[in-house]
Amino acid sequence: MKAAMSPVFRLSIGLILLTVSLLLVGDLLGFIPDQKHAEFTARKAIAESLAVQVSSNIAQGQMASVTETIHSLQERNDSILSVGLRTADGHLISNAGDHLSHWQPADKESSTPSHVQVPIHNQSGRWGALEISFKPLGGNSFDLFNGGSLVTVILFISLSGFVAYWVFLKRALNELDPSAVVPDRVRAALDVLAEGLAMLDNKGRMVFVNEAFESKLGQPAQALVGKYLSDLEWEPSANKDAGQPFIFPWKLALEGIEAPHSSQLKLRTMLHEHLSFAVNVAPIKAPEGNIRGVVVTFDDVTELEHKNNDLERALDRVQQSQREITRQNRELQILATRDPLTGALNRRSLFDGFTTLLGEAADEGASISCIMVDIDHFKSVNDRFGHATGDKVIKLLSRILTETARTDDLVGRYGGEEFCVVLPGIDEEQAEVIAESMRLAVHEGKIDQFTSAIRFTASFGVSSNLGGSSTPSILVDLADKALYHSKNSGRNRVTRWSEIQHSSTVKPISDETAKQIAPTSSNIESSAESSTDQQLQYRIEELEALIRSQSTHDVASTDEATGLPNRIVLIDRIKQGIVRSQRLNTRLAVLFIDIDTLQVIRNTLGDPAAEKLVKLVAGRLNKTLRSTDTVAIDGATNIGVSVSRVSSGEFVVLLTDMHSEESTTWIIQRMFAAMNEAVHIESTDVFLDVRIGVSMYPNDGDDPDLLLANAGAALREAKTTVGRDVCLYFSKEMNQRSKTQLRMEGQLHRAIERGELFLEYQPVVDMSTGRISSFEALIRWRHPELGLVTPDNFIPMAENAGLIESIGDWVLENACRQLKAWQTRGHDHLSMAINLSPVQLRKAELAENIVSIVEQTGISPGSLTIEITESALIQNLDTAVSIIDRLSSVGIRVSLDDFGTGYSSLSYLKRFPIDIVKIDRSFLQDFPSHAHDTAIISAIIAMAHSLGLHVIAEGVETEEQLKVLQNLKCDEIQGYLFSRPISREQATALLSSPSNIRRQVWAAGSNDKPVNNSALSGVLNNAPSRKTVTQQVH
């Protein structure tokens, strides 16, 4: 690309060429003297003068004088190289300088500028010749600069003239009017424009401005032309990013950078006005593509901006009014659906939700239960402590019931001190367990400081639909009868309707029992029974309210097409989910789902077909979300799910009790997979196009309306995204994390094939011998881009993606083969421990698969240990029993991992054939410095040994821990004190030289003195600190 040349540069070059041409013509015409010719003439004159003198001396016979004259001339004249006197027959009889080497004329008969010869004659004719050799004309390299040759003159004039011309022309052009470059016709056309316009040269100076720009700035064109446009009082727009440096758009265009379209700038004019302009620029390019300037247009948007500001202020007022209306509506909704004292559902809303859930249960053939609750001797509370205290008791009971209930359960105040709890998906026996936990929470009074001064109890009645059809009023009536049976049977108890439905008598309460439960200042558990008239009045009010609600609750709470709960129940569930998430420190997700295909079906096949599709989609969502694999995807605690329909083609899915936000991604993937299957409607296979928007609690909102609004905003963005099965989170961070999860899942599919998975082994050391008794096999993933990925990051991914079975088989097979190789080398005592995922325990065929791999690899079943966590057992009790029994029957040992972290550890030791107890590393973090942890570990070891179980402590890192565990008779130790997880080669080397580990174990055991640890002494001895430890444990 040619370099850009300014007009001044080109004009200067042209003028120099003209000047040089004139010099050359003048030289050609002879107007310029020829310095070489003059110098040649002078040389010939010198030679002729010398020849006359030499001829005279020769005639007089003075040859010595001739030689002296020749030498004197050659030495004094720098231009003479040599002088020679030659006779006619060619003999050189005298010379000065190295004449033989210098005298080499091109023509021996004639003289040249560097070789001059003058003939000498005597009386008889030509005697000889005088020869003089000169330096060549211009032969010195410095003559060009020192002499006065034409070349020197031309060079001087060229250089100095170019500078002079360039400066002169530049100043002259600045003094001239630059706008003259614009023709009058073009100027007239540009002056007609309503937009301001300015033409800039390649330096950013204005060479032309139209009349509109003049009038807006309040300055004439003469004052603007020649100035830099950037020197005006510009300001960037208010919406410009403060973190980025501001560059004028015309400067970007001059630098060849594409300027943003319609940049907005503010300008303070000479009239002290502040104008807003929408600025557009277009470069002016030369034919060769060089940028010679720019055209800048200025569209005055000041008035439009003022109107926009007015509209924004009006919009703010409207939005503020809308927020106020929403707030008031929310308050009205609370007043309409909530009990003002407790915040629980009022009776009408309770029946609305009850009808909805009962319809769901009928459609799915599921159970639903009802619990009626009544405070015992509530009248005595009011009589003895006042109605204010009675209200506190009612509020406390409501709080206990709400916190004990699940997210999907409904808790409502039925009337007075009576409450109703609706439990979907729960049969009567399970409801009795929940009711009993509620009763204990009320009885123990540990939930609030208020109960430490005044205690109360409550009676419970439970009923269920028993898998058949029913109505809310029937179930409430049955639970109410069971409740009054509880009250007549001694109070503070739970009664199931199925237990008393065949009984026609009610056992009256005895006087002795009444005295035992009489209320006191610390225990209000008895008082005079509410009068029969008051009970009848309560029942009359309940029946009247029930009759009034029957005519409206069906429409108010459910979607007629699907039977799914509508917005009222949805809002209540989200509120309950938020409360539960706050209490349990879990996550909640709101999924807004849109089925675009639904509108197409409605337009082509009609409304009946569309409604049929809605039912099929709702059923498919429920089936997918309530499958075992889905609800247990997050770990030990099942995820709560509910589905609601909010419009003709939109559903809302609520996910609660999630421990990690990433679980949402896996559930959504399963939903997409389920929706990708064709739906058969009116003899047509319909393929669904599903879009999902997601908001998360607490990151995206802390109330139901905000979470729904944000999920809706994410859904609208998903609808504008090209492609199928699009899901977007309201949070950009969650969007990126979701994409990363899905990308890594795809890479994990190919990790085994590519050999990216490998095993590391951590030794387990026998404390009695000091030798390595076993290894625990631990899987690792060497990702080609991310490097080493820890199991905590990819094992949940494998579980959720359905890859854990194949990865588990790979780990088991490779670990068994490695164990066989070590045993073949002479380590017959060695065993191998393998961890099982909770997902693997769901497969009943797992045990046979493990046995098959053990047989194929040729290892002894007794040398394999399967490690199972308590959380895995909790999730899969039914299948875990058969799997563990089968493994134990063939001799494979079973280890209970992370022992002590769950709630039912002792029951598992009794129920399952456990061989090994592995103390969780969390107990060793502050061990043995903390007495609490030391007491727990000591108790676990003693209890396990009494049951004939082996004990392994994992996470041992210090010598002190090693010594204390030896004193506590722990069987085996695993931890960084001996070795981190290492490669197969390193493990083989460790087996070959175990002396270091053995020396550590023996050194720790050689000290027979008890460890100086006050916490441990309280456990091992009958020291006074033992009482303190016991108090901490209890």
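Measuring r between the beta carbons of ALA366 and VAL881 and using R0 = 35 Å, the FRET efficiency lands at 0.90. Working from Cα pairs under 8 Å separated by at least six residues, relative contact order for the range 666-749 is 25 percent. Between the beta carbons of THR389 and GLN582, assuming R0 = 35 Å, the FRET efficiency works out to 0.80 to the nearest 0.05.
Of the residues GLY61, GLY97, SER124, the one whose Cα sits farthest toward the positive end of the charge dipole of the range 35-137, with +1 on the Cβ of Lys and Arg and -1 on the Cβ of Asp and Glu, is SER124.
Among the listed pairs LYS615/LYS732; LYS36/LYS135; LYS216/LYS266; LYS918/LYS963; LYS575/LYS623, those with a Cα-Cα distance over 21 Å are LYS615/LYS732; LYS575/LYS623. Neighbour counts of other Cβ atoms within 10 Å put PHE162, PHE912, PHE456 in the fewest-to-most order PHE162, PHE912, PHE456. Its Cα gyration tensor gives the range 308-439 an equivalent ellipsoid; the semi-axes, largest first and in whole Å, are 36, 24, 11.
A straight chain from ASP685 to ASP78 at 0.36 nm per residue would run longer than the Cα-Cα distance by 207.2 nm. Classify the range 567-743: rounded, prolate or oblate, from the alpha-carbon gyration tensor (a ≥ b ≥ c, eigenvalue square roots; a/c under 1.5 rounded; otherwise prolate if a/b is larger than b/c)? Prolate, since a/c reaches 1.5 and a/b exceeds b/c. For LYS307, the aspartates and glutamates whose Cα falls under 15 Å of its own Cα, not counting residues fewer than eight places away in the same chain, are ASP316. The dipole here belongs to the range 178-300: it is taken about the Cα centre, uses +1 on the Cβ of Lys and Arg and -1 on the Cβ of Asp and Glu, and is about 260 debye.
Along its three principal directions, the equivalent ellipsoid of the range 35-137 from the Cα gyration tensor extends over semi-axes of 21, 15, 13 Å, largest first.
Partner aspartates and glutamates whose Cα lies under 13 Å from the Cα of LYS487, excluding those fewer than 8 positions away in the same chain, are identified as ASP374, ASP376, GLU418, GLU525, GLU529. Each peptide in 15-25, 921-931 receives the mean, over its residues, of other Cβ atoms within 10 Å, and ordering these scores from highest gives 921-931, 15-25.
Beyond a 19 Å Cα-Cα separation, which of these cross-linked pairs lie in this structure: LYS203/LYS285; LYS227/LYS251; LYS395/LYS481? In this structure, LYS395/LYS481 lie more than 19 Å apart at Cα.
Take every Cα pair under 8 Å whose residues are at least 6 apart in sequence, average their separation, divide by the length of the range 35-137, and the relative contact order is 28 percent.
Rounded to 0.05, the FRET efficiency of the LEU271 and ASN308 pair, given R0 = 30 Å and the Cβ-Cβ distance, is 0.85.
Laboratory data are not the source of any read-out in this text; all were calculated from the coordinates shown. Note that the structure is a prediction, hence the values are computed from the model and not measured. Every residue, glycine among them, receives a Cβ derived from its backbone with ideal geometry; neighbour counts consider all protein chains shown.
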